[in-house]
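The structure under discussion appears below in the form of structure tokens.
What follows draws every value from the coordinates through simple rules; no lab data is involved. What you see is a predicted model, and the numbers here were worked out from it, not measured in a lab. Heads up, the Cβs are rebuilt from the backbone with ideal geometry, glycines too, and the neighbour counts pull from every protein chain shown.
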Amino acid sequence: MHHNPISITALGYCYPDGTAALHNINLSIQASERVALVGANGSGKSTLLLHFNGILLPQTGEIVVGEQPVVAANLQAIRNFVGVVFQNPDDQLFMPTVWEDVTFGPMNQGLSGEALTHRAGHAMAAVDLDLARYGNRMAGNLSGGEKKRVAIAGVLAMQPQVLVLDEPSAQLDPRSRRQLIELLRHLPLTQVIATHDLDLALELCSRTVVLSRGQIVYDGATEAVMNDAAFLEQHALEMPLCYSRPYCLLEHRPAERPHPASLPHF
């Protein structure tokens with residue numbers, strides 16, 4: 001495993017209509033980190049995520065994934081290294097059955113027979129999907145939470161070293177959201193989680209990166225920034241719901257509130 005599986009230097013990106021989406025992004029993700037990427041709509045979160053495995057290529061600056069720059073010649077290796085789970089699982093599930101969806105990626109990596117069965121079965125077990133119960137089910141007939149787990153299983157079956165998730169709790173009911181949080185907590189992978197769900201970020205990620213108008217305005221401890229109501233409001237965000245109550249629902253204790261002056265604002 002690489003010490004710094006993702007390194008971004010002076011990344012910039014403009015859309016064809018001239019809209020500046022990212023400006024001078026500098027970011028390093030270390031192995032085994034779980035990092036929250038937060039920001040209001042239009043802040044550049046999704047655009048940044050699409051650069052992590054080469055769906056979008058840098059216009060200025062550089063991204064290095066593992067030891068390879070994100071350029072067209074390296075895309076196959078980079079997409080094996082970084083697995084992306086999209087916000088809507090219907091954008092990711094396109095085969096008739098769950099088994100066909102989960103095995104699609106490793107089959108394209110050249111796996112077959114017993115090796116393919118073992119790889120896909122292990123990935124399904126990692127997201128608590130029983131092969132006998134779910135393997136032959138039609139993916140389109142699953143619940144939102146089940147579809148999300150199948151999408152993650154399909155990415156895990158590729159054996160990436162980095163898992164990137166775009167709004168993973170979107171469209172999930174409270175029980176499915178809780179199951180997803182527990183799943184992500186126990187996955188032994190480097191994770192980058194773009195989310196509007198700041199309670200999820202607080203539960204899962206010790207580090208948070210805040211994007212605003214295409215720039216990083218904060219990169220540091222999650223608890224510190226989640227306690228700074230004025231800073232969050234300045235960037236069109238609100239404090240996690242658990243901080244609006246006397247006791248944090250996560251740990252059933254008063255939320256710690258560092259002094260805002262100690263926060264590393266940019």
Worksheet item: Within the range 109-136, can you find the residues that are farther than 25 Å from residue 181 by Cβ, in a loop (DSSP other than H, G, I, E, B) and not polar (S, T, N, Q)?
Response: 110, 111, 135
Worksheet item: Does residue 8 qualify as being farther than 19 Å from residue 168 by Cα and out of contact with any helix residue (DSSP H, G or I) (no Cβ under 6 Å at 6 or more places or on another chain)?
Response: yes
Worksheet entry | Odd one out for residue 75 among (1) aliphatic (A, V, I, L, M); (2) surrounded by fewer than 17 Cβ atoms within 10 Å (Cβ to Cβ); (3) part of a strand (DSSP E or B) | (3)
Practice prompt. Identify, by number, the condition in (1) touching a residue at least 60 places away in the same chain (Cβ under 8 Å); (2) more than 16 Å from residue 194 (Cβ to Cβ) that residue 233 doesn't meet.
Written response: (1)
Response to the item:
Residues in the range 12-57 that are over 14 Å from the mean Cα position of the chain (by Cα) and among the polar types (S, T, N, Q) total 7
Practice prompt. Residues being in contact (Cβ under 8 Å) with a residue 40 or more places away in the chain and more than 15 Å from residue 22 (Cα to Cα): count how many of those fall in the range 54-74.
Written response: 4
